[in-house]
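Colleague: Would you mind keeping the following structure in view while I ask a few things?
The values are calculated or read from the model by the stated rules, or taken from the named source; none is laboratory data. None of the values given here were measured: they were computed from a predicted structure. Here Cβ is always computed from backbone atoms with ideal geometry, including for glycine, and neighbour counts include all displayed protein chains.
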Amino acid sequence: MSAGSAGREAGMRMMPAPGAGRPRGRAAVLRLLLAAALVVAVQGSCDAPPRIPSAELKESYQHIRTFSSSDRVEYTCRPGYAKKKVRAILVCDEDGRWTGSTDFCSPKQCSYPGDPANGRLVEVEQFTFGSIANYSCDMGYRLIGNSQIHCVLKNGQVTWDGEVPFCEPIPCSPPPNIENGEHNGGDTAIFSYGSSVTYRCHSAGRGERAFSMVGDPSIFCTTVDNLNGVWNKPAPECKVVGCEHPRVENGKLLSGYRAEYTYRDTVMFDCELRYTLQGSETSTCSEAGHWEPPLPLCQRSSCDDPPDVFRAVKARLAGNLFPADTVVTYECETGYEFSPGENTRHITCLPDLTWTEVPHPCNKIRCPDPVVRNAMHVNEWYKTGRYMYGDSVKIVCNEGYTVKDYGSNVALRCTSKGTWEPAVTECTAEPHCPQPVIDHGQEVYKSKNDYSAGTRVRMVCDEGYALRGDEQIECKDDQNWAPSVPFCDKVCDPPPQITSGQHTGSRSGVFPYGSEVTYSCAAGLSLIGDESIYCTSTDGVNLVWSGPAPECRVVRCPRPAVEHGTMSPSRHTFPYGLTLKFSCDEGFVLHGDAETQCMADGTWQPPLPSCVPVQCPEPQVINGRLKNPSDSKMWYPANTTVTFECLHGYHFSGDGPATFEDAWTATCLADGNWTPLPKCKKQGDADVCEEVGYIKMAFECGVPMEEVRTLLEVQKLFLEIQKLKVEVELLNKDVL
């Protein structure tokens, strides 16, 4: 009986029995209200439950047609299916629909059926009740048996409805026999898939021509339907085949020479020079006794080599073949020409494969008579109008004249362009430079007061002065000295020497203004003072060194000692100028400078630092305190642990959920910070639930407000019904 039916039956029992006194007035009204409330409580009904392929309703539910809201039905799995670990129940909801998952039965599993030899299972994802296993054979094998078996129910168990088929090799009948030949298959009766046989022709008798095999010598067993075997091609033939001796006019046989040519003999031809092959370069003796493809032809395709021309070269020749319309260019050698201003000629290969007219020889290029003003020729063989490429003429300028860049004598040469080189047209008057004069210096080996172009002189300075510029200068055509005339500058005295040391100016005897020298000490000594000094002036007239020379002394600083610290680099001696870096051990912090240097007076500057223990400041916790007040202090050494407690009405809360523990510990770390400190929150804050000593119906921490409202409405309705029942009972007593 459903819950709705039970409710209706209970409502009926509250009505008075037939024949009883009928209530009047207020009692009748209360009965009607109670019946209405009970009707409201029944909200909906469902039709018959759904049919499920893998399950069926239990027997007790199969004949019920209508179900009330909240009624439940239970299913059992059909044969061939197994129940999952879920309840097989559907519930009728208030909207008249069945709710709940119908996936509570799964098909039972058949065992793996196995693979046949030379075959395989295909397209199988699972082996469950109702599934099908399909089989196929490898290439060359055929299936014997059913290609499909099914997972079925038999005697209450799932199993396969048939045996796994097997695969046997596909057979071929014996290969055909041939005349004048045989195959290597012997007397074998059955040939399996992939088997092959090879034919050979019989040997010819004495004085007879040999047999040729026409067709492929080997055939093999295959299949087209994967059931029956066939040979892949017809058997070859053995017969006498001969071709005539191959001949190609203006051609030559490259390969395949034979005394006699039979079936499948192949020859290769090429043509003689200046002939082109028309057709295929190879030809094979066919079974019909003909050359296939036909023998080629060699046709004339090039002019002969172009003729040579005296003192000319053939330019841009591409190989030694010259087909029709080929153009050959002749270029005269350097210094030669066909005619004045023309040094190239062309010839063309005509369609009849002959050349057009060949040019005449090349002639030497001529130069005009050389004419140079203010000069004369000195060649004894001087001639007029007969100068050719390569001839030379010597020109001598008149007294007091010269040719720029060449002097007073110059040789002219007739070039391939028909001009003279160098291109001299006159001798010009020689340029002169003024006498070079410098203060506090002089010219070396002074020999004359007249300095013509090209003259070189060397300049030196007096003692106590240094030459600034190039010491050698040359008079140029523009009547100026190049490089510019130098000048003499004052110099410093040699830099002072130092004991057990040296300076970089030892190889230089002159120290002009701005010169710098650097001092260095012998091994094991330290340089005290400026490492470098330079030549300068304090009055604008005299030159002096910028400062005194440094000293070389043995300077050592004491070994530095920093307790609870380390230095870098680690050394045994500490010379002048050495810089050290300090760092402290874990739990200590550096007070002072991290770097110090050994000074000339043997002290460390800045002074050595010290390493002091790391301390943490007094921890502060809002609404909390130290559990032991005697632990309170301004500073705490590293690794110190303190314990906290929250004030009355507060509890601990870290980064996670609130906790009601009564103690929290924190430790001072080596970096001067505390491990995470607690937070004390007041009990009843929004992030925690109120502690409750007992469970109230429908009121638990975390229940959504919408569900609470629904529960309150149901509770209200329940109380109203109870109240009505009490009032009805009281009225009945009054009536009785």
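Colleague: Checking K314 against (1) surrounded by fewer than 16 Cβ atoms within 10 Å (Cβ to Cβ); (2) part of a loop (DSSP other than H, G, I, E, B), which test does it fail?
Modeller: (2)
Colleague: Between a residue in segment 455-483 that is touching a residue at least 60 places away in the same chain (Cβ under 8 Å) and any residue that is part of a loop (DSSP other than H, G, I, E, B), which pairs come within a Cβ distance under 9 Å, given they are 6 or more apart or on different chains?
Modeller: D477/K404; D477/D405; D477/P431; D477/A453; D477/G454
Colleague: So, one more: Restricting to segment 263-311, give me the number of residues that are loosely packed, with under 15 Cβ neighbours inside 10 Å, out of contact with any strand residue (DSSP E or B) (no Cβ under 8 Å at 6 or more places or on another chain) and more than 30 Å from P359 (Cα to Cα).
Modeller: Matching residues across segment 263-311 total 1.
Colleague: Can you tell me which of I132, I170, I149, I144 is touching a strand residue (DSSP E or B) at 6+ places or on another chain (Cβ under 9 Å) and closer than 30 Å to V214 by Cα?
Modeller: None of the others qualify; the one that does is I170.
Colleague: Hey, does segment 556-569 have a residue that's in contact with a Pro (Cβ under 7 Å, 6 or more places away or on another chain) and touching a residue at least 60 places away in the same chain (Cβ under 8 Å)?
Modeller: The first filter runs over segment 556-569 and keeps only residues in contact with a Pro (Cβ under 7 Å, 6 or more places away or on another chain), leaving 556, 562, 567.
From what is left, the residues that are touching a residue at least 60 places away in the same chain (Cβ under 8 Å) are none.
Among the residues of segment 556-569, not one is in contact with a Pro (Cβ under 7 Å, 6 or more places away or on another chain) and touching a residue at least 60 places away in the same chain (Cβ under 8 Å), which makes the answer no.
Colleague: State whether the residues of segment 516-525 include one that is of a type in the set (D, E, K, R) and at pLDDT below 85.
Modeller: No: zero hits.
Colleague: Within segment 524-557, track down each residue that is within 17 Å of Y576 (Cα to Cα) and of a type in the set (A, V, I, L, M, F, W, C).
Modeller: L525, L527, I528, C552, V554, V555, C557
Colleague: Looking at (1) surrounded by 15 or more Cβ atoms within 10 Å (Cβ to Cβ); (2) over 18 Å from E249 (Cβ atoms); (3) hydroxyl-bearing (S, T, Y), can you tell me which one S339 breaks?
Modeller: All conditions are met except number (1).
Colleague: Which members of segment 489-511 meet the condition of being modelled with pLDDT under 85 and over 15 Å from S546 (Cβ atoms)?
Modeller: Result: D489, K490, S506, R507, S508, G509, V510.
Colleague: While we're on this one: Give me the residue from segment 77-100 that is of a type in the set (A, V, I, L, M) and in a loop (DSSP other than H, G, I, E, B) and, out of that set, nearest to the chain's Cα centre (by Cα). Steps first, answer last, please.
Modeller: Restricting attention to segment 77-100, the residues satisfying the condition of being of a type in the set (A, V, I, L, M) are 82, 86, 88-91.
If we keep only those that are in a loop (DSSP other than H, G, I, E, B) as well, we get 86, 88.
Values: V86: 52, A88: 56 Å.
Looking at the filtered set, the residue picked out is V86.
Colleague: Among the strands (runs of 3 or more DSSP E) contained in segment 113-232, which hold 1 or more residues that are small (G, A, S)?
Modeller: Once the strands (runs of 3 or more DSSP E) in segment 113-232 are filtered for at least 1 residues that are small (G, A, S), what remains is 119-122, 132-137, 181-183, 196-201, 212-214, 218-223, 229-231.
Colleague: Turning to a different aspect of this structure: What is the residue count in segment 388-437 for residues that are closer than 30 Å to D489 by Cβ, of a type in the set (A, V, I, L, M, F, W, C) and out of contact with any Cys (no Cβ under 6 Å at 6 or more places or on another chain)?
Modeller: Here the count works out to 1.
Colleague: To continue, here is another question. Would you pick out the residues in segment 341-359 that are modelled with pLDDT of 90 or more and either more than 15 Å from P306 (Cβ to Cβ) or in contact with a helix residue (DSSP H, G or I) (Cβ under 7 Å, 6 or more places away or on another chain) (or both)?
Modeller: Of everything in segment 341-359, those that are modelled with pLDDT of 90 or more and either more than 15 Å from P306 (Cβ to Cβ) or in contact with a helix residue (DSSP H, G or I) (Cβ under 7 Å, 6 or more places away or on another chain) (or both) turn out to be E342, N343, P351, D352.
Colleague: Out of contact with any Leu (no Cβ under 9 Å at 6 or more places or on another chain) and closer than 24 Å to H63 by Cα - does that describe any residue in segment 104-118?
Modeller: Yes, because at least one residue in segment 104-118 is out of contact with any Leu (no Cβ under 9 Å at 6 or more places or on another chain) and closer than 24 Å to H63 by Cα.
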